[in-house]
Amino acid sequence: MAEVRLEHVYKIYPGDVAAVQDANIEVGERDFVVLVGPSGCGKTTTLRMVAGLEEISQGEIYIDDQVVNNVPPKDRDIAMVFQNYALYPHMSVRENMAFGLKLRHFDKAEIERRVGEAAEILELTPLLDRKPKALSGGQRQRVALGRAIVRKPKVFLFDEPLSNLDAKLRTQMRAEIMKLHRRLEATILYVTHDQVEAMTMGSKIVVMKDGIVHQVDTPLNLYNKPVNRFVAGFIGSPTMNFVEGEMRGGVFTGGQLSCPLKGRIQQQREGSAMPKDVASTGGSEMPGGKAVMDGPAVLGIRPEDLLWGAGGENEGRLRAEIELDPMGSEIHLHLRDGETLYVAKVPPDTVFEL
């Protein structure tokens with residue numbers, strides 16, 4: 001397995017359209033790193049630059065400390081799994097999995113051995129003589145995985161491989177890919193627009209928007225310590241609630257809410273490309289001795305931190321119009337306080353006295 005490193009990588013299309021700007025990403029040996037962000041954020045372009053399918057405009061890409069900017073895709077020792085499977089319809093499962101090895105002139109015995117090993121790992125042995133049209137979506141994706149595995153590449157690249165599958169199959173295939181990662185001790189760079197998929201699969205997550213890498217961190221740190229409002233709102237389901245208001249003497253006031261803040265406070269940084277979420281003037285002292293500026297502020301509240309019927313005299317309370325959205329394992333409460341909308345997440349056995 002190998003390490004992958006991007007240093008100050010840009011992709012600029014004609015007309016000065018910046019698809020990727022100053023990307024700095026490290027994928028350690030045996031890491032499972034996920035690129036996540038909304039459509040058009042530059043994550044697939046970044047993956048394709050690593051694969052050699054897109055030329056970079058500026059910067060360096062390293063695989064195992066070797067600059068590969070001008071190395072052809074076939075010589076980078078990577079394998080890519082695509083969203084649409086890219087299987088040859090006239091070939092059997094066995095032939096599809098063996099095709100890349102034949103192009104590289106492996107001998108027949110070695111091809112059979114590698115295909116057999118991959119088929120066993122992916123539980124495809126009974127399907128080796130079938131054509132793709134006789135397979136389910138999940139089976140086709142496993143064949144695409146098998147075609148990558150037989151190559152024994154240094155790096156696996158996945159471009160939204162589960163987006164064409166239904167919800168049940170996506171869950172199953174997530175588990176399959178994670179099990180495969182552990183078994184092969186593979187280095188994986190994985191692209192998805194689904195933040196739930198990113199949080200459940202990645203050992204490290206790269207959050208992108210508008211071609212900019214906003215944060216690179218573990219799933220837990222992304223959730224608990226987002227660097228800006230975009231990351232805070234993008235990571236988590238349902239999304240974080242944001243309340244516009246102001247800070248005075250360590251107390252946040254916005255709409256009906258008035259509460260002392262005991263948690264993490266973020267300050268606006270002058271000239272930052274990734275602005276923090278509390279911008280203000282003046283000042284006050286917060287618990288722990290950290291100075292926080294008074295003035296306009298935004299309070300972020302996770303849905304699970306809005307508690308039904310809980311709270312003491314000194315804690316923020318909210319009275320609002322409520323709609324219930326039962327989800328089975330939990331209930332989502334949609335609350336309206338004037339122009340501000342909130343979503344709360346409560347247990348399914350919550351008793352409501354309205």
Task: Pairs of lysines in segment 144-255 (C-alpha under 29 Å apart; 8 or more residues apart or interchain) - done: 13
Task: Of (1) 16; (2) 27; (3) 32, the label for percent of Cα pairs over 38 Å apart derived from the coordinates - done: (3)
Open item on the list: At a 10 angstrom cut-off on C-beta neighbours, averaged per residue, how do the peptides 93-101, 168-176, 297-305 rank from highest to lowest?
Closed with: 93-101, 297-305, 168-176
Open item on the list: Order these by the 10 Å Cβ neighbour count, fewest first: T192, T44, T239.
Closed with: T239, T44, T192
TODO: Report relative contact order for the chain in percent, whole number only (criteria: Cα-Cα under 8 Å, sequence separation at least 6).
DONE: 16 percent
Open item on the list: Let me test this: with uniform point scatterers at the alpha carbons of segment 20-178, what is the Debye-based log₁₀ I(q)/I(0) at q = 0.09 1/Å?
Closed with: -0.32
TODO: Rank-order 83-92, 337-346, 208-217 by packing density, defined as the average count of other C-beta atoms within 10 Å over each peptide's residues, highest first.
DONE: 208-217, 337-346, 83-92
Task: Gain on full stretching of the segment that runs from Q58 to S329 - 0.36 nm per residue minus C-alpha separation - done: 92.8 nm
Task: Scaled radius of gyration (Cα, divided by 2.2 N^0.38 Å) that segment 29-98 gives - done: 1.32
Open item on the list: Give the aspartates and glutamates whose C-alpha is closer than 14 Å to that of K74, dropping any in the same chain fewer than 8 places away, or say none.
Closed with: E54
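Here, each number is a calculation from the coordinates, and none is a lab measurement. None of these values were measured; they are calculated from a predicted model. Cβ atoms come from the backbone with ideal geometry, glycine included; neighbour counts cover every protein chain shown.
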